[in-house]
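Below: the structure, in structure tokens.
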Amino acid sequence: MLSWSIKLFKIRGIQLAVHSSFLLLIAYWGYMGYQDAGITGMEWSVLEGLAFFTCVVLHELGHSFTGQHFGVRVRQILLMPIGGMAQFDSIPRQPRQEILMTLAGPAVNFVLAVLLWFVTIYVVRAELHYHYNVREPIGLYLSGVMTFFFSFLYFQYHLYKIAQLRERYGN
């Protein structure tokens, strides 16, 4: 029988596999990135997609490891273009265990989001510090208050233009 999945490796006895159609998705990401920004765009598009699916694998591992903790055998995690799927031999019959197994995946996503938020704040903080404390060519220092004020005025300007267009052309 022809198998449509490609086996990658095992983690704690769980086979990680990708469906063959996943390769088409990677090719599509590469093509779209190349169309947008050449080779560099292709590389970044594929890396972003793989980073996203790394989060999908971690999500599924959350379900799987929790299931293993409760004695459930996990056959494999299959990655497909629409996401991931952990294949279990059974589901725990105790409601508490089933709920914990169900919530383990989203809990992993929450932890990843918090970690990525801290990384982003740490990395971006230096750029924001530079942005707000460097003298502009016209001799001004930007501040958070001034940036907010000008952003507000810019937003109001565009709302006014939209209102004028609606008045002129109707709806």
Which listed residue is in a helix (DSSP H, G or I) and modelled with pLDDT of 90 or more, from Glu48, Glu60: Glu60
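For segment 70-99, which positions are in a loop (DSSP other than H, G, I, E, B) and touching an Asp or Glu at 6+ places or on another chain (Cβ under 7 Å)?
Here is the first cut: in segment 70-99, the ones in a loop (DSSP other than H, G, I, E, B) are 70-73, 81-82, 89-94.
The answer is Val72, Arg73, Ile91, Pro92.
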Test: residue in segment 26-41 that is part of a helix (DSSP H, G or I), over 30 Å from Leu100 (Cα atoms), polar (S, T, N, Q) and open to solvent by 50 Å² or more (accessible area, probe 1.4 Å): yes
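The values are calculated or read from the model by the stated rules, or taken from the named source; none is laboratory data. As the structure is a prediction and not an experimental result, all values here were calculated from the model. Using ideal geometry, Cβ is built from the backbone for each residue, glycine included, and neighbour counts are taken over all protein chains shown. Calculation scope for accessible area: heavy atoms of the full protein, side chains included, ligands and nucleic acids excluded. Shrake-Rupley method; radii C 1.70, N 1.55, O 1.52, S 1.80 Å.
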